[in-house]
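The structure under discussion appears below in the form of structure tokens.
Laboratory data are not the source of any read-out in this text; all were calculated from the coordinates shown. Everything numeric in this text was worked out from a predicted model, so none of it was measured. Note that each Cβ is placed from the backbone with ideal geometry, even for glycine, and that neighbours are counted across all protein chains shown.
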Amino acid sequence: MRNTLAITELLGHPEVKVYQGLPHSSTTDSFTVGEISAFIHGVNGIGDVEIPNSSRAPETESAVDFIIDAVKPYGKELIYVPTGPMTNIVHRARHPVSG
């Protein structure tokens, strides 16, 4: 999330909302950067490039709640851009929207 906030600010798009995702994968209780991920994406997830922290904070609604809430009005028009593990999608799929 730190990277998403920093990159959207760096690119001049603070209007892009950022939501906090789940802190772990769907199969573990914690998250660690795997060796292959660190090799491909760097330890910090953006090729070990240093960029300034954003002055923004994430939205207060969780990413999972946002997905559930956004599906209702947007349906197939919803564009979701995961920037990390897709744990939120898995969680959302396990908790389908009713109605």
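Starting from the Cα of ASP29, step 7 Å along the direction of its Cβ; do the same at ASN53; then give the gap between the two resulting points in nm.
2.9 nm
Relative contact order of region 9-99: what whole-number percent is it, with Cα pairs under 8 angstrom and at least 6 residues apart?
Numbers: 61 pairs, mean separation 33.4, N = 91.
About 37 percent, as a whole number.
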